[in-house]
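Comments concern the structure below.
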Amino acid sequence: MSWIILAVFAFTFVGAVLYAVGLYNGLVNLKHAVVRAWANIDVLLKQRHDELPKLVNTVKGYMQHEKEVLTRITEARSAYARASGPEQQAQADAEMRGALGRLFAVAENYPELKADTSFQMLQERISAIEEQIADRREFYNHSVNVFNVRIEQIPDVFMANLMRLEARELFRAAEEERRDVEVSFP
Amino acid sequence: MASAALPLAANWGALLEGDARPTFYLLAGLGAGLFFFFKGFRTWRHMRLIQDTPTSRIRSMALGRVELYGQAVEKAELTAPLTGAACVYYRYQIEEEVQGNKHRSWRTVDSGSSSAWPFYLEDDTGRVAVDPREATLELPPDYREINPDLTGALGNFLAERGVDTHSFFVFRKKLRFTEWHISPGEHVYVLGVAQERGGMVHERRVRIAEKLAALKADPEAMAHLDSDGDGSVSAEEWDVARRLIVAEVERAGFDDRVVVGKGEHSGTPFYISDRDEKAVVKEHLWKARASVFGGAVLSLFCLGGLLHRVGILWG
């Protein structure tokens, strides 16, 4: 009988080791998934960053009286270049989206600019990148949420404490984006 | 278990005394039990991977491991061979009933799939090609029948495949037909690796280069590019033309330069299922539990049997 008891212990021990290895590898995998999700946003932010000089060159010929709009774009671009880490980059991204939104709104007043093929292409390209950034932000937040929940849940919390894992920050919308839009009817 | 091996080895002769068949069954059972025990942990790891991977939108998915959920769209027109249903993917199996020493069992006489044909997966943001080669397909059978009517298309298909339906003289074999397929429009879950197809990237570059060369050789088109009318095409004007050509080439069928499939050396499992993520996770969970506990119990039972045969246990 002692052999069977020994075998039961052996199975329990091997099972516990495999379970612990599974938890450990799962958490390592999640940690890297969060880093990768952020890197995938960063790729798009850089792509948008690279399109901006072309956009500014295209519009400045038409919008000479809109210096404030163009300056805001240039400043936001510089802020992004200086930003390091998700939090600062998220802030720079919010500024950039605000500046681009303003530029495209003002462009509505310039029919010749709107008819320019180069401007149309750049606007289309930047809008497509913006949509992709929004999707990847959502993806990043989902990855962070899964990671944060896992490291607080039993049994992962024990392994997470051993690995000294800490909760990650979500990519939050900027304050001005969360504000209610004021709609006034004539 | 390792310590049990010593007396087992010392009494090996006792294991083979008399009828040796029970010993072989017990050894096979022990091996199978250990296999299921370890396989259960693998299934559990895959379940966690599925749970932990957020679903991507197709338009913004990144290269690497991706989880997608969308509708299947045909890339090539396929017809399922047993049912004749239009589909984007099929797999079939034809089995023959065979009589063993004590039991009857089913032996596969023919099988096949359309795994060489990719299909598209579409969500509300875009579409991507899925290459089902080497995928673990989790589909319930769409068709299973024993000895159906073999006249018509099914009979022709069997003749084409060289499947003999007669056992002796005019007596028919007992054949079981099973088919799994994914219909166009069906919702499909995919966990795999998104990668650029090398050939497609090269083909795209060649097509773009050809179109740019043709544009350069056309003075009228070049004059049209000169939007500021200064008599020359500036770098910005040329960039606009290049972008238009890239967009045109991509519209003309190069939208599947990224394909989701089995990644090389990625360690990511490749699953295709016609159920949603929740159902896939649920199935993995019960399979993992059944495999780990069933495998452990089977191993212990067989080990007990072997120890009993050598006289160590209940001897």
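The values are calculated or read from the model by the stated rules, or taken from the named source; none is laboratory data. Here the structure is a predicted model, which is why all the values come from computation and not from measurement. All Cβ positions, even for glycine, are placed from backbone atoms using ideal geometry, and neighbour counts span all protein chains on display. All accessible areas refer to the heavy atoms of the entire protein, side chains included, with ligands and DNA or RNA removed. Shrake-Rupley method; radii C 1.70, N 1.55, O 1.52, S 1.80 Å.
What is the magnitude of the charge dipole of the range A:101-144 about its Cα centre, with +1 placed on the Cβ of each Lys and Arg, -1 on the Cβ of each Asp and Glu, and no other charges, expressed in debye to the nearest 20?
140
Would you mind classifying the range B:13-171 by shape? Square roots of the alpha carbon gyration tensor eigenvalues, ordered a ≥ b ≥ c; an a/c under 1.5 is rounded, otherwise it is prolate if a/b is larger than b/c and oblate if not.
oblate
Using +1 on the beta carbon of Lys and Arg, -1 on that of Asp and Glu, and nothing else charged, what's the dipole of the protein assembly as shown about the Cα centre, debye to 20?
Roughly 2440 debye, rounded to the nearest 20.
Between B:Asp230 and A:Val157, what is the label-to-label distance in nm when each label sits 7 Å out along the Cα-to-Cβ direction?
Spacing of the two 7 Å Cα→Cβ label points: 6.7 nm.
Just need the relative contact order of chain B here, percent rounded to a whole number, with Cα pairs under 8 Å and 6+ apart.
This gives 30 percent for chain B.
What is the mean projected area of the alpha carbon convex hull for the range A:37-126, to one decimal in square nanometres?
If I average the Cα hull's projected area over directions, I get 5.4 nm².
For B:Lys287, give me every one of the lysines with a C-alpha distance below 18 angstrom, ignoring sequence neighbours fewer than eight places off in its own chain.
Result set, ordered by chain and number: B:Lys39, B:Lys278.
Taking the Cβ-Cβ separation of A:Asp50 and A:Ala167 as r and a Förster radius of 30 Å, what is the calculated FRET efficiency to the nearest 0.05?
So, using R0 = 30 Å, E works out to roughly 0.35.
Of all DSSP beta bridges in chain B, what percent run antiparallel (nearest 5)?
90
Count the net charge of all other residues whose Cβ sits under 12 Å from the Cβ of B:Leu27, scoring Lys and Arg as +1 and Asp and Glu as -1.
That works out to +2.
Can you give the FRET efficiency for B:Thr125 and A:Glu112, using 1/(1 + (r/R0)^6), R0 = 35 Å, r = Cβ-Cβ distance, to the nearest 0.05?
The formula returns an efficiency of 0.60 here.
To the nearest 20 debye, what charge dipole does the range A:22-100 have about its Cα centre, counting +1 at the Cβ of each Lys and Arg and -1 at the Cβ of each Asp and Glu?
140
Grab the beta carbon distance between B:Ala213 and A:Ser2, set R0 = 60 Å, and tell me the FRET efficiency rounded to 0.05.
The pair B:Ala213/A:Ser2 has a calculated efficiency of 0.15.
Averaged over A:2-12, how many beta carbons belonging to a partner chain fall within 10 Å of each residue's beta carbon?
6
Taking the Cα atoms only, what angle lies between the long axis of helix A:117-150 and the longest principal axis of chain A, rounded to 10 degrees?
Once rounded, the angle reads 20 degrees.
Compute the signed sum of charges (Lys and Arg +1, Asp and Glu -1) over the other residues within less than 9 Å, Cβ to Cβ, of B:Ala86.
-2
Of all the Cα-Cα pairs you can form in the range A:2-168, what percent are over 23 Å apart?
55
Report, to the nearest 10°, how far helix A:85-107 tilts away from the longest principal axis of the Cα atoms in chain A, using its own Cα long axis and a range of 0 to 90°.
The angle comes out at about 30 degrees.
Got a number for the accessible area of B:Glu196? Probe 1.4 Å, square angstrom, nearest 10.
B:Glu196 has an accessible surface of roughly 100 Å² with all protein chains in place.
Within the set of other residues whose C-beta is less than 15 Å from the C-beta of B:Leu285, count the net charge using Lys and Arg as +1 and Asp and Glu as -1.
Residues close to B:Leu285 contribute a combined charge of +4.
At B:His187 and B:Thr108, where each label point lies 7 Å from the Cα along Cα→Cβ, what is the point-to-point distance in nanometres?
It is 3.0 nm.
Build a GNM of chain A with springs between Cα atoms under 10 Å: which of A:Thr74, A:Thr58, A:Thr117 gets the top mean-square fluctuation?
A:Thr117
Most fluctuating residue of B:Ser114, B:Ser299, B:Ser60 in a GNM of chain B with Cα springs under 10 Å: which is it?
B:Ser60
Mind ranking B:99-108, A:120-129 by how tightly packed they are, going by the mean number of other C-beta atoms within 10 angstrom, highest first?
Highest to lowest by the protection proxy: A:120-129, B:99-108.
Round to a whole angstrom and tell me the spacing of the C-alpha centers of the range A:40-72 and the range B:63-110.
Here the answer is 53 Å between Cα centres.
Report the per residue volume, in Å³, of the convex hull enclosing the C-alpha atoms of the range A:76-156.
95
Across peptide B:44-54, how many C-beta atoms of other chains are within 10 Å of each residue C-beta, on average?
5
Express in % the proportion of alpha carbon pairs of chain B at distances exceeding 35 Å.
49
So what is the orientation-averaged projected area of the protein assembly as shown, using the convex hull of its C-alpha atoms, in nm²?
36.9
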